[in-house]
Every structure is written in structure tokens, then in C-alpha cells.
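The block underneath contains the structure these notes are about, expressed in C-alpha cells.
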Amino acid sequence: FAQNHQRFNETLRGSTFVGVVSRNRSLIQCGIDLLMINHYTLAKELFYQLALMKFNGVTMAMLGNEGVDVMAVIGQMLQFEEDLNSSHPKKITVKVSKTNIDLARQATTCLVEKAPMLEEYFSIKFEKRQVQTVQKKAIRTLFLTGLPVLLDGHSPQPHALPIFLLRLATEVNWKEEQPCFEGICRELASFYAEAPSDNTAFLEMEQDASNNINGKGNMELVGENAKRYIQHILFPGISFLLVPTKQNFSDGAMLKL
């Protein structure tokens, strides 16, 4: 952590949480100064540092309900995004297209190959199991059954899991050791930094669409669950454990108001 920004560090350690502004930003106070922080950016850096520090020695938390079907959740996520971006965005289909099934299968195949290393060094556990399809055919597929505990009291958000699995398979440089390990830590960090999704907030955002057309309204509404999570889980970790970097400071992760 040679890139530590000492003044940024001291400010975080001596700060008090004021309130959440949006899904990405919060207000804190240090002395007489009111500051706005990008808690999402800082949380990503926090979890990246924790993943590096706990490399090859992190506790694993087992997932309930026998885990998550990797290929199924990746395929469903790809289909959902395709439907949202289509010319008929309100038409959300249940059936996953052949193209998205193939993409999900490719990503799953990569994770099958990397599963032993991911479990050994990062406590990301995958298991192959036999399941029955709708057509009563028995097939073997991959399940995610364990994830690392990077911060006590913290659990990663389920809504962010499919994109994490896809990016783990497609965005990590698996050919070179150091970029590979750093890439896995970055993907874990992005996953773990996500705040809870709040359906009520998104419904309110939809109802407020007319205001946004006129330049009014808030397109970054955040629900009460997310506010509690940011204040009581993310911020304590950021303020006491994060070693902020010079890059964080120059990126505007903390602004004096």
C-alpha cells in the first residue's frame, strides 16, 4: 500500500457518518468539514484490499439451498438484459435463447476449469452435480456453493451474483498469474461492494419519470435497506479498515462541500 494517501486516511478515521445521498454517495463530517464520499468506489477498494490480504487464508461461507446453478443464472441474466435492450422492453421472456445458453455454457466451462484454484486461494467453491431437466433428462451442471467472508457481518448481494460469475469467467486474465489474481480480487470487490437492491425505490423512480423529463427528480433513489447497509456495514469498514490510495483521492472519491 505504498500509494497510501495519508491525509485522506486521517480524515476517514476521524469522520462521522451523516447520511446517504444516493446509491453511490454519502455525506460524512470531519471536524467542521462536511464531505461527500463515493462509498461505492471506496467499498470496492476496501474489498480489493481485503481479498489481497486474505489471499489463500480466507474463511468460506457456504450458500444455502444447495447453492446456485451457475449456467442457469448466467443465462437468465443475459436473457433479461437482452429483453430490456430490445425494441419491446416490457416483454420479458422466461425462456432463454440458444445464443444466451451457449454464452452461459462457455462461461460455465471456464469456471469448471478454474474451480480448484478458485477454491484453494479465494474460497470460491464450485461443485458439479447431476440435475434433471424439464424433459426429464439427467445432466451434470455446476453449482456455486461457497463464497469468501471478507468482512465480518457482511454478505454479498444476491442480485449482483450473476454478473459476478459472468465477469469472473470472461474478464479475468487467466493466462498470467499476477494479473489473474488481481483480476479475481477486483471482480470480488465489485460484487461485494454492491448495496441491496430495493424494489420500492425503483418503483418510485418509475413514477417520478415525468419529473426527470423536466430535469427534476432523482434517478439514484436508494431504499431504506440500502441506507442501513451503507451506514452500518459499509461505512464502518471503509472508515476503519480501508487504506485509501492517491488514486482514490484524485478520482473524486472524497469532496469537500
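Identification of strands (runs of 3 or more DSSP E) wholly contained in the stretch 1-78 with 1 or more residues that are within 20 Å of ILE233 (Cα to Cα) and over 18 Å from the mean Cα position of the chain (by Cα) yields 16-20, 25-30, 33-38.
Consider the stretch 4-21 and keep the residues that are open to solvent by 60 Å² or more (accessible area, probe 1.4 Å) and under 25 Å from LYS227 (Cβ atoms). The one that is modelled with the lowest pLDDT is ARG13. Residue pairs whose Cβ atoms lie under 7 Å apart, separated by 6 or more positions or on different chains, with the first residue in the stretch 118-129 and on the phi < 0 side of the Ramachandran plot and the second open to solvent by 40 Å² or more (accessible area, probe 1.4 Å) and of a type in the set (A, V, I, L, M, F, W, C), are TYR121/PHE55; LYS125/MET60. Among the residues examined, ASN225 qualifies as at pLDDT below 95, of a type outside the set (D, E, K, R) and closer than 26 Å to ALA61 by Cα. Here PHE80 meets the list (1) free of Cβ contacts under 8 Å to residues at least 24 places away in the same chain; (2) crowded, with 18+ Cβ neighbours inside 10 Å; (3) out of contact with any helix residue (DSSP H, G or I) (no Cβ under 6 Å at 6 or more places or on another chain) almost entirely, failing just condition (2).
Looking at the stretch 88-192, the helices (runs of 4 or more DSSP H) lying wholly inside it that each contain 3 or more residues that are of a type in the set (Phe, Trp, Tyr) and modelled with pLDDT of 90 or more sit at 177-192. Candidates MET53, MET62, MET77: the one that is modelled with pLDDT of 85 or more, under 30 Å from GLU127 (Cα atoms), in contact with a Gly (Cβ under 6 Å, 6 or more places away or on another chain) and not hydroxyl-bearing (Ser, Thr, Tyr) is MET62.
The values are calculated or read from the model by the stated rules, or taken from the named source; none is laboratory data. Just so you know, these numbers come straight off a predicted model, no measurement behind them. In this analysis, Cβ positions are derived from the backbone assuming ideal geometry, glycine residues included, and neighbour counts consider all displayed protein chains. Accessible surface areas use protein heavy atoms only, side chains included; no ligands, DNA or RNA. Shrake-Rupley method; radii C 1.70, N 1.55, O 1.52, S 1.80 Å.
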